[in-house]
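Encoded as structure tokens, the structure appears first; notes follow it.
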Amino acid sequence: MPGAPPYPAAEALPPTGLRPDVPYSRALAGAAVWAVVALLLVVLFGRPGNAVGWVIQLFWIAICTAGASWPTYQVARKRGWTELWRLALIAFPAFWFLRALTSILTVLLLT
């Protein structure tokens, strides 16, 4: 429009959508924090008995770690979180849910 005041210059906005790449190994390390806690609990309070019981417990803990690392990786990748403490907090519910399921399976299958 003639006689209208000039529009202000557009401000430079910071770039969006640039998130740090989260390697899968970081998500696995976040889940491994809870694997160490679970292993300590088995050592302190669990009584697997013989060597086969120990191998079964270690197998279940490894399965829980691998299972919890996938949703941890998905959330961390979407949000761009690379800090280990955040990844451990994300992995907490998935790991312990899987650990409860594997404990129930152990009781049902082996007793």
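The values are calculated or read from the model by the stated rules, or taken from the named source; none is laboratory data. None of the values given here were measured: they were computed from a predicted structure. Virtual Cβ from ideal backbone geometry, glycine too; neighbours counted across all protein chains shown. These accessible areas exclude ligands, DNA and RNA; they are computed on the full protein's heavy atoms, side chains included. Shrake-Rupley method; radii C 1.70, N 1.55, O 1.52, S 1.80 Å.
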Handout entry: Computed [θ] at 222 nm, deg cm²/dmol, the chain (DSSP H ≥ 4; -39,500 (n - 2.57); rounded to nearest 500)
Key = -25000 deg cm²/dmol
Practice task
Could you tally the net charge around Pro23, taking each other residue with its Cβ under 14 Å from the Cβ of Pro23, Lys/Arg +1 and Asp/Glu -1?
Solution key: +1
Completion exercise
Expected field for Trp96, accessible surface area in Å² at 1.4 Å probe radius, rounded to 10, holds 70
Completion exercise
So for R0 = 22 Å, FRET eff. of Val52-Leu89 from the Cβ-Cβ r, to 0.05, ends up at 0.05
Problem - Mean Kyte hydropathy of 1.6 or more with a Cα span along the axis of at least 24 Å, helices from DSSP in the chain - result: 24-45, 84-110
Problem - region 22-111: radius of gyration and largest Cα-Cα distance (Dmax), Å - result: 13.8, 44
Problem - Percent accessible area from carbon and sulfur atoms, the chain, protein chains only, probe 1.4 Å - result: 73
Handout entry: Under 14 Å, Cβ to Cβ, from Ala76 - net charge with Lys/Arg +1 and Asp/Glu -1
Key = +4
